[in-house]
Amino acid sequence: MKLRAEILRRQAGGEPYLQTFIYEPADEAETAASMLTNLNARKPLRDADGKEASPIRWECSCLQKKCGACAMRINGVPGLACDVKLSACGERIRLEPLRKFPVVADLIVNRDIMRENLIRMHLWLEQDALEPAADQELAYDASRCLQCGICLEVCPNYYGGGPFTGLAAAVPAARVLQLEKRGDGHGSEAERKTGPGKEKPKLFGRLRALTGEKRALPLARAYEKQVFEGCGKSLACRNICPAGIDAGRLLASSNAVAVWKRLRSRKAGRES
Amino acid sequence: MEKVNIIGAGIAGLSAAIRLARMNVQSLLISSQASERAQSVLAEGGINAAMDLMGESDSWQEHCSDTLKGGVFLADPNAVAGMTAAAPGLVRRLQELGVPFQRENGQMIQRNFGGQKKKRTAYAKSSTGKVLVNALIDEVRKAEAAGLTKRLCHHDFVRLALSEADGQCLGVWIRDTYGGACLFCPGPVILCFGGFCGLFPGLSTGTSQNTGDALATVFSQGAVLANPEFIQYHPTTAAITGKRLLVSEAARGEGGRLFALRNGRKWYFMEEKYPELGNLMPRDVISREMFLVSRDPACGGEIFLDMTGLSPETWKKKLPDLRAQILRYLKLDPACTPVPVSPGIHYFMGGLYADEGHRTSIPGVYAAGECACQYHGANRLGGNSMLGALYGGGVAAESAAADASVRGCAGTSVGEDFCFSEENETVSPAFGQRLGAILAQGLGIVRDAQGLEGALEGVRGLLRQPGITQAEARRCLLGEAVLRAALARKESRGAHYRSDYPERDDAGFRKTTLVSLRSGRMEVSFREVPARREAGDKYDARHGVSKSGICSKSSCREEEAGDEASG
C-alpha cells in the first residue's frame with residue numbers, strides 16, 4: 001500500500017515547509033527509519049508533485065532502538081524512527097523534528113543542551129565507588145538512558161535553557177546518587193581524600209554529627225534544585241521512554257537520597 | 001603541550017580522553033554524534049578479564065594464550081600479553097566507576113564465552129557495552145568540567161594535515177556537520193573511529209555511522225593497513241530492516257544450542273563435531289561450519305539457535321534485553337521457539353597498522369579500538385573487543401602524550417592546502433550499495449581466487465565510472481585493499497578461509513599483511529609477527545596491574561605445537 005509521507009523540511013536559516021513524498025513499503029517490517037533511508041537513496045529524489053528535492057537530513061546510527069539518534073515527532077508523538085512501523089501508520093505519516101530543541105535542518109535538532117545540563121548538574125562520581133550500588137537493578141536501569149530527549153519533549157515543565165533539567169538528567173543521576181549513597185559521598189573533602197571505612201572518616205563523621213549537617217554533594221544539591229523542585233509531577237514522561245526505563249522507581253530512589261535524607265539531616269541538625 | 005585530538009567517542013575514544021585527563025593533558029574529543037550513539041553501545045555479551053572469580057583457577061596467561069590461539073597466532077603476542085595482564089585491573093577500575101556488573105549473592109560473576117574454557121566474561125545482562133559507555137561518559141564529564149577535555153559532537157573527521165616536508169602529522173581537519181564550517185585542530189591525533197562495516201551497507205550488525213570513509217581517507221593519505229582481509233562473521237545474526245540483528249554470543253554462553261534439521265531431525269552439529277567447546281567454539285569456526293551445513297542438501301538450508309532450554313531466571317536476570325529485541329524485531333519468543341540465524345559481518349580484526357604502543361605508520365597519528373589492527377589477529381574472541389578498545393585507548397593516549405613531550409609543538413601550520421567540497425565528500429547510497437554487493441560477493445566466509453578477482457574487477461569497473469566523487473573513489477580503494485590482501489594471503493587462517501588454499505601455512509603466512517598506497521600504487525607485503533619477548537621482560541604497572549612476567553617463549557611454542565597436533 002502506498003503511503004503519503006509528509007516531512008517538515010527546513011534548510012539552515014529558512015522557513016519550515018511540509019513536503020510530501022509517496023512511498024511504498026517493501027514489507028511489514030519497514031519503519032520510518034527505513035523509509036527515510038530508502039527515500040534518500042532515490043536519485044533524484046522527487047516529491048509527490050514531481051519536484052526534485054534535496055536529501056532529507058536526519059540522524060540515525062544503530063537502527064535498533066539502542067542509540068536514541070533518530071528521535072523525532074512521528075504523527076505528532078515523539079518516538080524513535082527505527083521503532084515506528086509503517087504498517088501501523090495507515091495511509092499517511094508525518095515526520096517533524098522535536099520541538100524543544102533548536103532545529104539544525106529538516107529532522108535534525110541540536111541536543112547539545114542535554115550534555116551541558118549534565119555538566120551543570122555535576123553528574124559524575126566525586127570519588128571511586130568502593131562498593132557496588134545497593135540496588136544493582138536500579139543502577140543498571142539508570143545506565144540505559146539513550147539521551148534521546150523524548151522525555152523532555154513531552155514534559156510540560158521543561159524548556160531549553162530553563163533551570164529544570166528533566167528526566168533526561170534525573171535518570172543518569174540515579175546511578176551516581178546510588179553509588180554516592182553507598183560510599184557516603186556526602187562527606188567532606190578531607191574524607192574523600194582519605195576514603196571511607198578508614199580511621200579518619202569516623203572522626204570526621206563525629207564532627208559532622210556535632211555540627212548537624214553533612215556537606216552535600218554538588219550533584220545532590222543540583223538534583224534537588226534542577227530536578228526535584230522543577231518537576232510538576234505531570235507524569236507525562238511515564239510511559240514515553242523508548243528504552244522502557246521505569247522513571248518512577250528511579251525518581252523515588254534519587255529523591256530519597258538527594259532530598260529526603262538531606263532534609264532529615266538538616267532537621268536533625270536544627271533540633272540538636 | 002598542545003591538545004591531543006581524539007577522533008571518535010566510543011569506548012576507545014572515551015578511554016583515551018580519560019587517560020589523558022589523568023595525565024593532565026588536554027584533549028579534544030571529536031565525534032559525528034554523541035557517545036550514546038557510538039557502536040560501542042551495541043556490544044552485548046561482556047568484557048573478558050581473568051579475575052578468577054568462578055573458582056576455575058583462571059589466569060591472565062591463559063587469557064593471553066586463548067586470545068593468541070583464537071587469533072591463530074597472528075596477533076602481536078607482546079601487545080596481547082599487555083592487554084590480558086591489564087584486564088583484571090581495568091575491570092576493577094570499571095567497578096570503581098560504578099559499572100553495574102552482574103552479581104550473585106553480592107559477588108560479581110562471569111560467564112562463558114566462545115573460544116575460552118573458563119568463565120572470564122564480566123557482564124551486565126545483555127547490554128554490557130551500553131552500561132560501560134555510560135560510566136565512561138560520566139567520567140569524561142568530570143574532565144570536561146575541569147577543562148581538560150573538550151567535546152565536539154556533530155563534527156566529522158575530514159582529513160589529517162600532514163607536513164609536506166617529512167610526512168609528520170600536524171593536526172586534523174574536522175567539519176561541523178550542523179554549521180558546515182571546517183576547523184583545523186593542531187596536535188597529535190588518536191583515531192578511534194571504529195570498523196568499516198559501512199563498506200557493506202545493510203549487511204552488518206554495526207551502525208550506519210561507521211561508514212569506513214574516515215579509514216578510506218587516512219589510507220589514501222598514506223597510512224598503512226594491516227590484516228584488512230580478516231572480517232569476522234558472527235555466527236548468530238538475523239536480517240532485519242536495514243541491517244543485521246546480533247543474537248549475542250551470551251545466548252550460547254548461557255546454554256543456547258545451534259542445530260539444523262537434517263532429514264527432518266534436529267542435528268546439534270557443533271556439539272557433535274566439537275565435543276569440547278561445542279557451541280562455544282571461536283566464531284570463525286562456527287560460521288564456517290554453519291556455511292557448510294546450510295549447503296548440505298539434507299539440512300534444508302536453515303540453522304536455528306535453540307534457547308528454549310534456558311531457565312526463566314536466566315532470561316529475566318541475564319538476557320532480558322536480548323529476549324525483548326528478538327521479540328520486537330523477529331516476532332519470536334526465543335524462550336519458546338528456536339530462532340533462525342545465519343552468519344553476518346560483525347567485526348574487523350584488521351585496520352590501521354598500529355604497533356604495541358598504538359602508533360600508526362604516520363608519525364603523530366595513533367589508532368585504537370576497532371579501527372586498529374591490534375590484539376585479535378585472524379579472529380577475535382567474544383568479549384575481547386571492549387577490552388581491546390578500553391586498553392588500547394589508554395595505551396594510545398600514553399604514547400601520544402609521551403611522543404608529544406619529545407616532539408614538542410608542531411605549531412599551527414595547516415600543512416597542505418585544503419578546500420572542502422561537500423559534493424566531492426559524499427558517497428551516494430546507491431553507489432555504496434553497489435560497491436557493498438561486489439565486496440560481499442568476494443569476501444564471504446569461504447573465498448577463492450576467482451571470486452576475489454571477480455570482485456576486484458567489479459571495483460575497478462566502479463572506479464572507472466565517470467563522475468564518481470572523491471569519497472566514492474576512496475571507498476573503492478579501501479575495498480580494493482581488502483580484496484588484494486585476501487588474494488595475497490594464499491592460505492586459510494581464522495576468518496580468512498580460501499577454498500583454493502584450505503590449509504594453514506605458517507612458514508609462508510604467519511605474518512602480518514600490510515597494504516599501502518604510495519603515489520597511486522597499491523602494494524601488499526607481509527611482515528613477521530613480532531617475536532614474544534623473553535620471560536623476564538616485565539610489564540610496568542601503568543595500567544593498574546602489578547608487575548608480572550609474560551609467558552616464556554617456550555610455553556608459547558608448546559601452545560602452538562599443541563594446536564598443530566589438535567588442528
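Looking only at strands (runs of 3 or more DSSP E) that fall completely inside the range B:130-236, which ones have 3 or more residues that are without any contact (Cβ under 8 Å) to a residue 24 or more places away in the chain?
Because the criterion is at least 3 residues that are without any contact (Cβ under 8 Å) to a residue 24 or more places away in the chain, no strands (runs of 3 or more DSSP E) in the range B:130-236 meet it.
Would you tally the residues in the range A:75-90 being touching a strand residue (DSSP E or B) at 6+ places or on another chain (Cβ under 6 Å) and either free of Cβ contacts under 8 Å to residues at least 24 places away in the same chain or away from chain B (no Cβ under 14 Å) (or both)?
So the count comes out to 1.
Considering the range B:1-31 alone, what residues qualify as being small (Gly, Ala, Ser) and at negative phi?
B:Ala9, B:Gly10, B:Ala12, B:Gly13, B:Ser15, B:Ala16, B:Ala17, B:Ala21, B:Ser27, B:Ser31
Any residue that is in contact with a helix residue (DSSP H, G or I) (Cβ under 9 Å, 6 or more places away or on another chain), among the small types (Gly, Ala, Ser), more than 25 Å from B:Glu289 (Cα to Cα) and assigned to a helix (DSSP H, G or I) - is there at least one of those in the range B:485-498?
There is no residue in the range B:485-498 that is in contact with a helix residue (DSSP H, G or I) (Cβ under 9 Å, 6 or more places away or on another chain), among the small types (Gly, Ala, Ser), more than 25 Å from B:Glu289 (Cα to Cα) and assigned to a helix (DSSP H, G or I).
Hey, can you tell me all the residues within the range B:277-305 that are assigned to a loop (DSSP other than H, G, I, E, B) and either under 10 Å from B:Pro343 (Cβ atoms) or under 22 Å from the mean Cα position of the chain (by Cα) (or both)?
Listed by number, the residues that qualify are B:Met281, B:Pro282.
On the basis of being buried (at least 24 other Cβ atoms within 10 Å of the Cβ) and within 28 Å of B:Leu148 (Cα to Cα), does B:Asn48 make the cut?
Here the answer is no, as B:Asn48 does not meet what is asked.
Considering only residues of the range A:115-144 that are more than 7 Å from chain B (Cβ to nearest Cβ), assigned to a helix (DSSP H, G or I) and touching a residue at least 40 places away in the same chain (Cβ under 8 Å), which is surrounded by the most Cβ atoms within 10 Å (Cβ to Cβ)?
My answer is A:Ala142.
Looking at B:Glu472, B:Glu422, which one is within 14 Å of chain A (Cβ to nearest Cβ), of a type outside the set (A, V, I, L, M, F, W, C), assigned to a helix (DSSP H, G or I) and out of contact with any Ser or Thr (no Cβ under 6 Å at 6 or more places or on another chain)?
Only one candidate passes the filter, namely B:Glu472.
Which condition number does A:Asn38 fail, the rest of (1) part of a helix (DSSP H, G or I); (2) more than 9 Å from chain B (Cβ to nearest Cβ) being met?
With (1) part of a helix (DSSP H, G or I); (2) more than 9 Å from chain B (Cβ to nearest Cβ) applied to A:Asn38, the lone miss is (2).
Got at least one residue in the range A:127-136 being modelled with pLDDT of 95 or more and farther than 23 Å from B:Arg37 by Cβ?
Looking through the range A:127-136, none of the residues is modelled with pLDDT of 95 or more and farther than 23 Å from B:Arg37 by Cβ.
Residues in the range B:243-269 that are part of a strand (DSSP E or B) and either under 15 Å from B:Phe113 (Cβ atoms) or outside the structural domain of B:Arg328 (by TED's automatic domain parsing) (or both): how many?
Residues in the range B:243-269 being part of a strand (DSSP E or B) and either under 15 Å from B:Phe113 (Cβ atoms) or outside the structural domain of B:Arg328 (by TED's automatic domain parsing) (or both): 1 in total.
Just checking, which of B:Ser127, B:Ser163 is within 27 Å of A:Ser61 (Cβ to Cβ) and hydroxyl-bearing (Ser, Thr, Tyr)?
B:Ser127
With A:Glu96, A:Glu59 as the choices, which residue is at the interface with chain B (Cβ under 9 Å from one of its Cβ atoms), touching a residue at least 24 places away in the same chain (Cβ under 8 Å), more than 22 Å from A:Asp27 (Cα to Cα) and not hydrophobic (A, V, I, L, M, F, W, C)?
A:Glu59
The values are calculated or read from the model by the stated rules, or taken from the named source; none is laboratory data. Bear in mind that the values here come from a model prediction, so they are computed numbers and not experimental data. Cβ: placed from backbone, ideal geometry, glycine included. Neighbour counts: every protein chain shown.
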